[in-house]
1. Under a crude label model (7 Å from the Cα following the beta-carbon direction), how far is residue 172 from residue 267 in nanometres?
2. What's the exposure ranking of 271, 207, going from fewest to most Cβ atoms within 10 Å?
3. Sort 266, 167 by Cβ crowding within 10 Å, fewest neighbours at the top.
4. Could you pull out the pairs from 271/362; 252/341; 207/252; 288/362 whose alpha carbons sit more than 20 Å apart here?
5. In what sequence do 351, 317 fall when counting other Cβ within 10 Å, fewest first?
6. So what's segment 20-170 giving for Cα Rg divided by 2.2 N^0.38 Å, two decimals?
7. Based only on Cα atoms, what Rg/Rh ratio does segment 229-289 have, Rh being taken as Kirkwood's radius?
Amino acid sequence: MATLDPSSPFLAQPLKQPAPAAALSRPFFEDKNRAFWMLQAGGWTGYLLLRTVVSLSNGFSVEGVIAVIIESIIGYCLTLLLSTLYGYYRRLPRIPGILLTLATLGTATAIYAVLDAFIYSFIKMPTPNISFNLVVGTVFINFTVLAGWSALYFAINFYLIVEQQIDQMQALEVQASHAQLAMLRYQLNPHFLFNTLNSISTLVLLKQTERANIMLSRLSSFLRYTLANEPTAHVTLAQEAETLKLYLEIEKMRFDERLRPHFDIDERVAKARLPSLLLQPLVENAIKYAVTPQEEGADITVSARLAGERVQIAVSDTGPGLIEAKQRPTLSTGVGLANIKERLAQAFGPDHRFETRSDPGKGFSVEIEIPFQIEEPNREAA
């Protein structure tokens, strides 16, 4: 059986009391203690009103109303005791717990019937006398009330257990999703660092220390900019473009005029959000397969435009396409385009498009289409 928090009649820890203004908008069972006392008070108040109406329909008498009130108070107190005992039984193995629950229900019914019979005889009979027939006459209704209350108690607790398990599963799924996004993002940084540090090492070996210092300074700025964001964070397209410009400044130290970057970002999509460092590996891929193998280098264009409620992003180059670069779809570390596809799937689910196009001898391009979002997507805490 599931473990019950001793401080609450219902399963799970009660949450902090919400502010009065926000209380009405919160789920009813969010505060388990409050929900229990409201149901307990409301249920027994309803029972009292129902029994009072039945008593009055048989003829008004003050004694009858008093008997109903006392009976309801006894039932209220007995069910409070039952809630405490049931809470203890829930922590026991299943079979002993069920047997003790049935035994307790039977005992509570007997106590309720005896007290009910005593009250009836004390108020309505000249000489109070608890007879067996009178006790048996009240057992059925007392058992029905307590059994109904017990069934409702266990049904609510079962519902809360299922709800709690669903919440835990959703929290675990969110944690797993964030962990996977972080892993994919961290796969990119070592690859970029490896190439850049290789270039700095080459400059040092060639005794071009000034260029090496400049490149190292720009690398520091790039890392400071990118590491400021969480691995799972979304940034605006304008921020992503600034990050790419920092990266290209570093690469331009290697390629000079052979690397010719161009940016064509529609101002309407500047605030659109996408996973951070999503486009950097595409630019890196273009440098590797378009700029590096050609003596004249290549143009690399990053463009973005608004198409209805969608943002269309393209990274293209004027390299040789797939004729001389058959392994173009993946980066040398093996994360490449598959990594980007996975990050898009994690961020947008099926609501995205990812396509590659190659015009042999004229270039290669990657087109991405995502929803136009200007707010950071919700990421629930674990």
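Where a number appears in this text, it was derived from the coordinates with a stated rule and is not lab data. Note that this is a predicted model, so its numbers are computed, not measured. Here the Cβ is made from the backbone with ideal geometry for all residues, glycine too, and neighbour counts use every protein chain on show.
1. 5.1 nm
2. Going from sparsest to densest Cβ surroundings: 207, 271.
3. 167, 266
4. Result: 271/362; 252/341 exceed 20 Å.
5. By the 10 Å Cβ count, ascending, the order reads 351, 317.
6. 1.25
7. Result: Rg/Rh = 0.99.
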